[in-house]
Structures are given as structure tokens and as C-alpha cells.
1. For a quick protection proxy, order the peptides 306-313, 280-287, 229-236, 65-72 by their average other-Cβ count within 10 Å, most packed first.
2. Can you give the Rg to Rh ratio of segment 1-92, both from alpha-carbon atoms, with Rh computed by the Kirkwood formula?
3. What residue among Arg227, Arg297, Arg61 shows peak mean-square fluctuation when the chain is described by a Gaussian network model with Cα springs under 10 Å?
4. Order the following by accessible area, largest value first: Thr182, Thr174. Probe radius 1.4 Å; ligands, DNA and RNA are ignored.
5. Over segment 170-265, what is the relative contact order in percent, taking alpha-carbon pairs closer than 8 angstrom and at least six residues apart?
6. Which loop-located trypsin sites (Lys or Arg not before Pro) does segment 142-224 contain, where loop means any DSSP state but H, G, I, E or B and the Cβ has at most 15 other Cβ atoms within 10 Å?
7. Taking the Cβ of Ile91 as the centre, find all other residues whose Cβ is under 15 Å away and add up their charges (Lys, Arg: +1; Asp, Glu: -1).
8. What is the mean projected area of the alpha carbon convex hull for the chain, to one decimal in square nanometres?
Amino acid sequence: MQATACAHSNIAFIKYWGNRDHALRLPANSSFSMNLGGLFTRTTVRFSAALSADRAVVDDRVLEGASLARITAHLDYARRLAGCALRAEVISHNNFPAGVGIASSASAFAALSLAAAAALDLRLSEAELSAYARLGSGSAARSVPSGFVIWHMGEDHRSSYAESVAPADHWQLTDLVAIISTAHKAVGSTEGHQLAESSPLQAARLATSSARLEQCVQAVLERDFERFARLVELDSDIMHAVMQTSAPPLLYWLPPTVAVMHRVRQLRAEGIGVCYTIDAGANVHCLCLPEAVERVRAELSAIEGVREIRAAQPGGSAWLES
Ligand code: DP6
């Protein structure tokens, strides 16, 4: 009763921010992302009668308290489906250093869901697995399918899942992540989602997000970078406007974040294929066309406060290891 699974992290082009149902992580809007090839979590789940409680070790650190409880709650769902009461040991590694500021909850809960389902021999479809991963971390729903992925907001647990709209090799975008801060964020995304509705701008964001998503999917399918770039930056800026106007307000940007945003805009004005998007942190994801990558990398390295740059290209679906 053991299985090992891996899943990539992902970066959203059209963001998830706010829930209609916090307990089930039913989002307030659909979102659209790309898996980040090369950046993944590998997780082994072993159910055993010899264990009296769940145990989880992430990057050689034993989890306790709320982080362990989140994993136990997630395993409980699979145990219920399988009619199994056994406790489990979870051993998980991220192949990207912890604390570089690249979100790991998406890859972590996608890998955990696939490993737990396989260990209990649950035959879940991709949509069912994605919906299961969503319960652990919303963005994890998008790390289950391959390549370029839509997470349909849905109406209930079953209908809120992600699916691929194009395979990883559809478009050779590179995500150059400008690492600006490795500090633990003051307000994490789970708490942030609960503040979204306190912003007077969230209603305007939600009223317009499905149109942006449709247009962004079209831009990706047509590989229309100019249109894609405008929509991706607009969607990130609108989400940050909501964050910055919630109660309490969340300002994730640091001065180098803004310096990178300006530089990316200047480069695009010069005809370089690059645009930015920012999650709940100070780091900036710079999405580049292949011919722009080396120039953008050099430009980012020259900005004060950019500590490191990590590169990723579109990645495939979550997978089982034998
Ligand atoms: C800003 O999926 O990390 O990165 O469901 O509470 O784990 P939880 O939240 P999470 O939220 C991601 C927020 C975001 C935007 C996005 O990835 O769509």
C-alpha cells in the first residue's frame, strides 16, 4: 500500500484569488496556467497498520501542528473513498530549494493526491484527481493535467476541476523567475483568499475575469504573444489591486519587484517578447518567447535586488513512479 508520485509547480496567467466556498476551495473565478517543467515535488505515501498516526516529512523536516493537520485532512478524503482507516507516512521532496519563493503547495498537493490515490488503489479519472488535489490547495488542481491548463470554477466539488487545453510542447514559453525575496510571507494565500471579498475591487475583477480567461486561452492557442502579454499583465495587476485594497491590505511587492515590472515593460516596448506576472509574493515570473530568453536573463541579472533567476518551460501532467 505504497506509491510514489511527482507533480510540477505551475504559474497562473489568469489568477485564482478568492473562494465561493473556503472549506471546499471552490474558487470565485476560473483560472488558467502553465505547468513549470523541471520544478516538481516527489512524494511517497505508505499506508501501514504499524502506524498509530499520520507522519509527514517534507524536505527532511518533520511536519507538526497545522501543516500536518492539513495533510491528514487531505488523506482522510482518500481513506473515506477507499473505506480504509490505516494511517500513512508521507515523504516529500521538492527539487527546487525550499524558500526560493517558488510556490510548492500546488506541486505538493497534486503529488500527494496522486500518490495517496494510487497507494489505496482508487481508480480516479484525471478530473476526479484534479478535484481531489483542489481540496488540499486550489492551485494544485492545475498541476494534475498537462501543459496549458484551465481550472473550471464549477458549482460543486465534482465540477470544479482542471483540464488541459494544449500540451506542453504547444508553445515554447520560458518562465524566468526573478527571485527577489526568500522570506516567509506574512500572509499566505489561504488567508489571502479569505480577504479578497473585503476589497471593493474584487467584484469588478470577478465581473471581467472570464472574458480575460477566454481571450487569454485564444491568445495561447494562436501563439499571439502581444495579446497574451497584455492580458497576463492586466490580470496580475488587477489581482494585486484587489490584494492592495483588501482589509487588511496586502502589499507583496518590494522595490525590486517594481523595478523588474518597469524593465519588462521597457523591453517589450523595444520589441522583446517578455511579460510579467506575480503571485502572492515579491518574486516576478517573466514569461519569454524563446528568442528573448538570453537578453531578458541578462537584463534581470543587472537589476539590484534580484538575487537569483530560475528558468522553467511548459511541463507535463502529474505522474506515478514505479
Ligand atoms: C496568487 O492555491 O496557493 O498564486 O488553496 O489556499 O493553497 P490555497 O491557495 P493557492 O493560491 C494561489 C494564489 C495565486 C494565484 C494562482 O496561482 O492562481
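1. Order by mean packing, descending: 280-287, 229-236, 306-313, 65-72.
2. Expressed as Rg/Rh, it is 1.02.
3. Fluctuation is largest for Arg61.
4. Thr182, Thr174
5. About 35 percent, as a whole number.
6. Passing both the DSSP loop test and the Cβ count: Arg158, Arg223.
7. Neighbourhood net charge equals 0.
8. Averaged projected area of the chain's Cα convex hull equals 15.4 nm².
The values are calculated or read from the model by the stated rules, or taken from the named source; none is laboratory data. Values in this document were obtained by computation on a predicted structure and should not be read as measured data. Positions of Cβ are generated from backbone atoms using ideal geometry, with glycine treated the same way; all protein chains shown enter the neighbour counts. Just the protein is used for accessible areas: all its heavy atoms, side chains included, with ligands, DNA and RNA removed. Shrake-Rupley method; radii C 1.70, N 1.55, O 1.52, S 1.80 Å.
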